[in-house]
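Student: For reference, the structure I am asking about is given below.
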Amino acid sequence: MPRIRFDQLAKQYLEVFLEPLGTVQRNLEVPGESKFVDVWFMPAAGLVAPAVDLGLLNRITTTPCLLEPYHHAPTRQEVRSCLLKLLWLQEDQRRKTEQNGLAQTERDLPHLWLLAATATHPVVAAFGG
């Protein structure tokens, strides 16, 4: 039960902190096999400076991103699962952009942020951190 409480609390905090900066959607379903992104954030168009300084969170959310909070050090499998969600979303956005006759740059692609108080060195090293 503590994990579910942390998960809900983390999502609620991220939603409250990020709402003034753009669009926040909790539990966004990823195309393909049913998977859900904990928090999907899309920065508001034309927002010059945020009203509140959220430090690192301000810098993280300058581009569209997936936020996956963990109350424990994520395992390799959990990181891979998050990467899969990211790749599904990037591909879905690419298809939508092409259908609209637009070009997509690498800068337009969403980023993935795993939020954890700690991470094991082998897991960080396994993903190039």
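Student: Would you point out the residue of segment 93-120, among those that are surrounded by 14 or more Cβ atoms within 10 Å (Cβ to Cβ) and assigned to a helix (DSSP H, G or I), that is farthest from the chain's Cα centre (by Cα)?
Tutor: Among them, the one singled out is T97.
Student: Since V79 meets every condition but one in (1) farther than 26 Å from Q12 by Cβ; (2) modelled with pLDDT of 90 or more; (3) surrounded by 12 or more Cβ atoms within 10 Å (Cβ to Cβ), which condition does it not meet?
Tutor: Every condition holds for V79 apart from (1).
Student: Restricting the first residue to segment 115-128 and requiring it to be within 13 Å of E68 (Cβ to Cβ), which pairs with a second residue that is aromatic (F, W, Y) and surrounded by 10 or more Cβ atoms within 10 Å (Cβ to Cβ) meet a Cβ separation below 9 Å and a spacing of at least six or different chains?
Tutor: Qualifying pairs under 9 Å: L115/Y70; A116/Y70; A119/Y70.
Student: In the list V79, V52, V123, V48, which residue meets the criterion of being of a type in the set (A, V, I, L, M, F, W, C) and within 17 Å of the chain's Cα centre (by Cα)?
Tutor: On the way: V52 fails: within 17 Å of the chain's Cα centre (by Cα); V123 fails: within 17 Å of the chain's Cα centre (by Cα); V48 fails: within 17 Å of the chain's Cα centre (by Cα).
Step by step, each of V79, V52, V123, V48 is checked, and only V79 is of a type in the set (A, V, I, L, M, F, W, C) and within 17 Å of the chain's Cα centre (by Cα).
The values are calculated or read from the model by the stated rules, or taken from the named source; none is laboratory data. Since the structure is predicted, the reported quantities are computational estimates derived from the model, not experimental observations. Methodologically, a virtual Cβ is constructed for each residue, glycine included, from the backbone with ideal geometry; neighbour enumeration extends over all protein chains shown.
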